[in-house]
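Structure record follows, encoded as structure tokens.
The values are calculated or read from the model by the stated rules, or taken from the named source; none is laboratory data. Bear in mind that the values here come from a model prediction, so they are computed numbers and not experimental data. As a convention, Cβ positions derive from the backbone with ideal geometry for all residues, glycine included, and neighbour counts pool all protein chains shown. These accessible areas exclude ligands, DNA and RNA; they are computed on the full protein's heavy atoms, side chains included. Shrake-Rupley method; radii C 1.70, N 1.55, O 1.52, S 1.80 Å.
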Number of protein chains: 2
Amino acid sequence: MTSSPTIDAKRGLPLNLQSSDISVPVQPSHGALTPLGIEQVRIDGGFWAAMQDLNSTAMIQHCEDWMERLGWIGNFDAVVENRIVQDRQGREFSDSDVYKLMEAMAWEVGRTGDDSLNARFDALVDRISPVQEPDGYLNTRFGRPGQLPRYSDLEWGHELYCYGHMLQAAVARGRTGRLDDKFVQIARRAADHVCQMFGSDGIQSVCGHPEIEVALVEFGRMTGDRRYIDQARLFVERRGHGVLADIEFGRAYYQDDQPIREAEVLRGHSVRATYLAAGAIDLGVELGDQSLVDAVRTQMDNTLSRRTYVTGGMGAHHEGESFGADFELPSDRAYAETCAGIGSMMANYRLLLATGDMKYADVVERTLYNVLATSPGEDGRSFFYANTLHQRDPGTVPSAKEVSARASSSMRAPWFAVSCCPTNVSRTVASLGAYMATSTVAGVQVLQYATGRIAAQLADGGVAVNVVTDYPHDGAVRVTIEETIEGAWTLGLRVPAWAGDSAVLRVRGDDRPAPVGLVEIDGPFQVGDVVELELPMGVRVVMPDVRIDALRGQVAFERGPLVMCVESVDAPHVTKVDELRVAGEPSLGEDGVVTVPMRNVALTARAWPFAVDSGAALSSDVYDVPIRPYHQWGNRGSSTMRVWIPTEADVSRR
Amino acid sequence: MTSSPTIDAKRGLPLNLQSSDISVPVQPSHGALTPLGIEQVRIDGGFWAAMQDLNSTAMIQHCEDWMERLGWIGNFDAVVENRIVQDRQGREFSDSDVYKLMEAMAWEVGRTGDDSLNARFDALVDRISPVQEPDGYLNTRFGRPGQLPRYSDLEWGHELYCYGHMLQAAVARGRTGRLDDKFVQIARRAADHVCQMFGSDGIQSVCGHPEIEVALVEFGRMTGDRRYIDQARLFVERRGHGVLADIEFGRAYYQDDQPIREAEVLRGHSVRATYLAAGAIDLGVELGDQSLVDAVRTQMDNTLSRRTYVTGGMGAHHEGESFGADFELPSDRAYAETCAGIGSMMANYRLLLATGDMKYADVVERTLYNVLATSPGEDGRSFFYANTLHQRDPGTVPSAKEVSARASSSMRAPWFAVSCCPTNVSRTVASLGAYMATSTVAGVQVLQYATGRIAAQLADGGVAVNVVTDYPHDGAVRVTIEETIEGAWTLGLRVPAWAGDSAVLRVRGDDRPAPVGLVEIDGPFQVGDVVELELPMGVRVVMPDVRIDALRGQVAFERGPLVMCVESVDAPHVTKVDELRVAGEPSLGEDGVVTVPMRNVALTARAWPFAVDSGAALSSDVYDVPIRPYHQWGNRGSSTMRVWIPTEADVSRR
């Protein structure tokens, strides 16, 4: 192991760090693309507007209700009332879920101006505020007589992790016009406390769960105080040198096995890995440290090419909730934790901003539609924690009143003993506008397609476009110029890699091929000018890399950004979807439903499942079996489900 | 859930329960077959004699040395010296490993008469003895001031589990001619204590790890005291009704989810499941409760047909060290814990004794050669804890001085923080003779083939045969009558299912087909009579059941009872064995090495591993690649390895 190169902390540091005027979770001081805030990007209709409505009307309240009911919010009251030692509820990181709920509320208040939600946010602040100690420490689990001492269990205590989510909630508050909010002040005292305790002369360690890093950088950006960024640098640089205890999972579990500049690929606990990656990109950008950004980019590129599910899901092991080896991607044991999907979006979005490479926006899109959108049920009151790609046995629908184990139930559950995912979904959906478009001094880039309005301030003035689309159900995207400037500017539209060479752009009545990447149309524009993009929405048959043992002899189906699946409720003629074999090409019916011709395999019971023949035979009958978007699965009761469906090869072979 | 049927505890209970005159770990009072002890079955040469030598010369001493070094044996001293609270070493179940070592020593003393080993056994007894409390309680982890109270953590505390291994060691001692041994007396006091504490009026619960059940039945058989069997009945009947706490893994982890009579298949932690199954069979036999034996038999049959690896390994999940769903048998994540293999042998051997069905002896054989024999390295000083069927990346060889995490290293390790496997291998190898042959009133059954001598007492007198074979390297087995009786008796030879219809029997110069199962040759015999069995030793190409997703498009190779594998040290022309594709039929070279023609697949790096084509191409060159017995793998340094090797289908397809 070689020692890490020293960061020149001054190089590239922006002069004007403070940024609190745009409502975004991430606001790098520089980069290839500049994010647009949630007041600049408005989603008015379609898929994501419906999801934001669901968040508004169900998810946020659901999360608050559960955390009240279980006493996770009440823990703060219990501290004040001096009964926390006997009464504390929830796991060691339960404070963080309250902060994630508050982040969701803050973005939602910013997005909608909802006064009653704002009052609920303030009420939470009033319960949390008295728990903060004079030196800024704030945690319901540690430090009082009868509790473990502060920072006595950095491996599992999650104290710094909890601050991280507190700071992100404070960023949401500060960036939605409330920089002087009481909660921002609480967070600042906590951040100051962290810098004092863990600074150069302080505790020479890190948190077992990365999160404080990404949060400190953003809090530094918002407040203009570079101490927070310096502290993030200390945390990122310290990790990887074995500063935490070795554990049964190994130090790779919390990325303390290798300095981040030396790693080749993401490894260990997938949420920890992606959160750390996001923080390191932010840090590299603020320090002007290209080698750090490049190191993380390489790790992400290798992770995408070898350790990511077709859904965008990350994490192949239940054991340690971790990445597997390269090409170890079992469908049935896919963990693909919802939070790891969100972590992946965080890291890939930051790489997009830093590099301008549309590949990372493709990853965000894939993850949005196939991980983030999969987690919540249609009611917004149940969630997948793990996102399997193959449900072997019909699951049981958990009771709406009970807490579930995080991955034991195959169906969506209302809440979990470890319930990081619901609040993570909620805060991400509330701030979703920020992921949709970016700008540069010379133009606007539409990254994700949804009906709505995008405004941006360019070097020469303000511009705005209106987007109308039924995406992802339809591939037509119509962009109309609503506001423009005198001179030239550029409208960019992302053409996803999955479109191949089939996307078509229509500008001023002219059709032309739209190659994969960012297609740019140069102005000047007139108000009312229309640009149309037609993305190919035929169903694609997708084959796995031959190194993925778990997928050999199977194909998946995709339509636009949607990964499809077959669910047993659509195949009543078989007991389990495992009996189905793809027997032809998919077709899109007039009812909008895609079907695939399939045969059944007749399975014989055998005393021993390994023999000189496969012991199976194909039905002569062919059935047209519907396949549907993966994110919809599990909403029609218990079922078995497959994303990857075997071809007939293994049955007829030999 | 229906209530369990009541056992009629008197029905079928044998009149004369006591059995201490035959040196076997299992001695049912009745059953289809009667076990033969280690002084009746002597292994003189070949594969298993070499393994017993390795145990004698290396394994036993290795285990003792490590447990001294780590202080697991010293824990008993620490209790006596009143410093256990601060000084205790090892996990909560470390006492059990000392008892398993002692069981190995006891069988080994019985087998070899080694006086110095006997003295080492006695020395351990002298250190353990003073730790036993007046009421019989004996555990270094619980019950003293500063420790958790006795039986305060039945879920994880392992107190009854530790007694179980103590009792099994005492059975080994008692059955090798020392029924009045000090250790047998210690065990009896402990067993009495258990009956008092957990009897009908006692604590209405069970141990989180089954083991006490199987041990109590055997201890009852040996001592002739039916209280122990009654207590085992209480434990078996109580489990499955949710008497233990629900945990993240679910109650199935410790088989407390379903009464044993209602379960369809083994599930949860695979060692726990197989130990419980063994105990329940023993109990069913002693109670004459056929329905209990049948229930476990059905569970085992279903486990063998759906949840067992081709190696005989059990346990598909690292998470919870547990069985997976039906047909969920990933090679790369095979846990297949060595102890679960031993547990499977325990349960299948008991089913064999109870039913006489040779199928269960087949399972024992498969597990002996491909799980038990795989665990220890050639030096007898390193062990596999988990037994993967696919090593993706070359592992690092653990230091001979350091304790390893149980499944994090891909190579054999000298010792583990949880080190149940080495002592389990050692005790099993020392008592291996007992698995080789059985008798009935009318004959002898040779179950496993090894050079040696088998003696048995039939109704009409004693008989003995001499076996000469180079099995499993060669399929010829020559059995010579050494002692016989006047009248008729039957010599039985097991023909494994893998032999198909190709085994040939030669009796008195006459060749005839030997069908799968037990082939019986009726006497009378003369001393010097020879019976020869010729088992087919051609290499077999084996295909997986089509329901096993992880194995689709792959084949395995078997030769005799040996599962074969390809290891990268034998394929220097590729980086990893994952590049190999089977391109033809196996052949056996004159040097005794099996080779398979294979092509390489040229793999291209791609940014995203899912596309409309597989992105791979086959080499035109074909290489003859050696395949070797799986149990030998990992003895030549770091390597990658596969049992199941892909065919060319996935590369050339579409």
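Scanning the stretch A:638-654 for residues that are within 10 Å of chain B (Cβ to nearest Cβ) and aliphatic (A, V, I, L, M) turns up A:ALA649, A:VAL651.
One residue stands out in the stretch A:621-637 among those that are touching a strand residue (DSSP E or B) at 6+ places or on another chain (Cβ under 9 Å) and not in a strand (DSSP E or B): the one that is nearest to the other protein chains (Cβ to nearest Cβ), namely A:TYR630.
Condition (residue is surrounded by fewer than 14 Cβ atoms within 10 Å (Cβ to Cβ) and touching a residue at least 40 places away in the same chain (Cβ under 8 Å)) applied to the stretch A:615-623: is it met by at least one residue? Within the stretch A:615-623, not a single residue is surrounded by fewer than 14 Cβ atoms within 10 Å (Cβ to Cβ) and touching a residue at least 40 places away in the same chain (Cβ under 8 Å).
Screening the stretch B:384-394 for residues that are assigned to a loop (DSSP other than H, G, I, E, B) and in contact with a Lys or Arg (Cβ under 9 Å, 6 or more places away or on another chain) and picking the one that is most open to solvent (accessible area, probe 1.4 Å) gives B:PRO394. Checking each residue in the stretch B:475-494 for being farther than 17 Å from B:LEU458 by Cβ and either out of contact with any strand residue (DSSP E or B) (no Cβ under 9 Å at 6 or more places or on another chain) or among the small types (Gly, Ala, Ser) (or both) picks out B:GLY475, B:ALA476.
Checking every residue in the stretch A:148-159 against the condition of being more than 24 Å from A:PRO210 (Cα to Cα), surrounded by fewer than 22 Cβ atoms within 10 Å (Cβ to Cβ) and of a type outside the set (Gly, Ala, Ser) gives zero matches. So, A:TRP608, is that one over 22 Å from B:ASN302 (Cα atoms) and touching a helix residue (DSSP H, G or I) at 6+ places or on another chain (Cβ under 7 Å) or not? Against the criterion (over 22 Å from B:ASN302 (Cα atoms) and touching a helix residue (DSSP H, G or I) at 6+ places or on another chain (Cβ under 7 Å)), A:TRP608 does not qualify. Put simply, of B:ALA400, B:ALA456, B:ALA464, B:ALA434 the only residue that is at negative phi, surrounded by 21 or more Cβ atoms within 10 Å (Cβ to Cβ), touching a residue at least 12 places away in the same chain (Cβ under 8 Å) and not in a helix (DSSP H, G or I) is B:ALA456. From the list B:ARG267, B:ARG261, pick out the single residue that is in a loop (DSSP other than H, G, I, E, B) and closer than 25 Å to A:VAL577 by Cβ. Of B:ARG267, B:ARG261, the one residue that is in a loop (DSSP other than H, G, I, E, B) and closer than 25 Å to A:VAL577 by Cβ is B:ARG267.
Every condition in (1) within 10 Å of chain B (Cβ to nearest Cβ); (2) surrounded by 24 or more Cβ atoms within 10 Å (Cβ to Cβ) is met by A:PHE327 except one, and the failing one is (2).
The sole residue among A:LEU351, A:LEU283 that is over 19 Å from the mean Cα position of the chain (by Cα), in contact (Cβ under 8 Å) with a residue 60 or more places away in the chain and open to solvent by less than 10 Å² (accessible area, probe 1.4 Å) is A:LEU283.
Restricting the first member to the stretch A:504-515 and to residues that are under 15 Å from A:THR490 (Cα atoms), and the second to residues that are modelled with pLDDT under 95, no beta-carbon pair is closer than 6 Å while six or more apart or on different chains. Of the residues in the stretch B:371-383, not one is open to solvent by 20 Å² or more (accessible area, probe 1.4 Å), assigned to a loop (DSSP other than H, G, I, E, B) and within 11 Å of another protein chain (Cβ to nearest Cβ). Taken across the stretch B:297-308, residues that are among the aliphatic types (A, V, I, L, M), open to solvent by 10 Å² or more (accessible area, probe 1.4 Å) and in contact (Cβ under 8 Å) with a residue 12 or more places away in the chain do not occur at all.
Can you find, within the stretch B:53-73, the residue that is nearest to B:GLY143 (Cα to Cα) among those that are free of Cβ contacts under 8 Å to residues at least 60 places away in the same chain and small (Gly, Ala, Ser)? Residue satisfying both the conditions and the ranking: B:GLY71.
When the stretch A:408-423 is filtered for residues that are of a type in the set (Gly, Ala, Ser), closer than 20 Å to A:ARG272 by Cα and open to solvent by less than 30 Å² (accessible area, probe 1.4 Å), only A:SER419 remains.
For every residue, the table says whether it meets (1) under 26 Å from A:ALA400 (Cβ atoms); (2) surrounded by fewer than 16 Cβ atoms within 10 Å (Cβ to Cβ); (3) in contact (Cβ under 8 Å) with a residue 60 or more places away in the chain; (4) of a type outside the set (A, V, I, L, M).
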site: A:ILE38; (1), (2), (3), (4): no, no, yes, no
site: A:VAL41; (1), (2), (3), (4): no, no, yes, no
site: A:ASN75; (1), (2), (3), (4): yes, no, yes, yes
site: A:GLU81; (1), (2), (3), (4): no, yes, no, yes
site: A:VAL85; (1), (2), (3), (4): no, yes, yes, no
site: A:GLY113; (1), (2), (3), (4): no, yes, no, yes
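Identify all residues within the stretch B:399-418 that are within 14 Å of chain A (Cβ to nearest Cβ) and touching a Lys or Arg at 6+ places or on another chain (Cβ under 8 Å); write none if there are none. If the condition is that a residue be within 14 Å of chain A (Cβ to nearest Cβ) and touching a Lys or Arg at 6+ places or on another chain (Cβ under 8 Å), then B:PHE416, B:ALA417, B:VAL418 are the ones that fit. For the stretch B:297-324, residues that are closer than 19 Å to A:HIS317 by Cβ, in contact with a helix residue (DSSP H, G or I) (Cβ under 8 Å, 6 or more places away or on another chain) and either facing chain A (nearest Cβ under 10 Å) or not in a loop (DSSP other than H, G, I, E, B) (or both) total 6. Any residue in the stretch A:349-363 that is at positive phi and in a loop (DSSP other than H, G, I, E, B)? Taking every residue of the stretch A:349-363 in turn, at least one turns out to be at positive phi and in a loop (DSSP other than H, G, I, E, B). Scanning the stretch A:231-249 for residues that are part of a loop (DSSP other than H, G, I, E, B) and open to solvent by less than 20 Å² (accessible area, probe 1.4 Å) gives A:ARG239, A:GLY240, A:LEU244.
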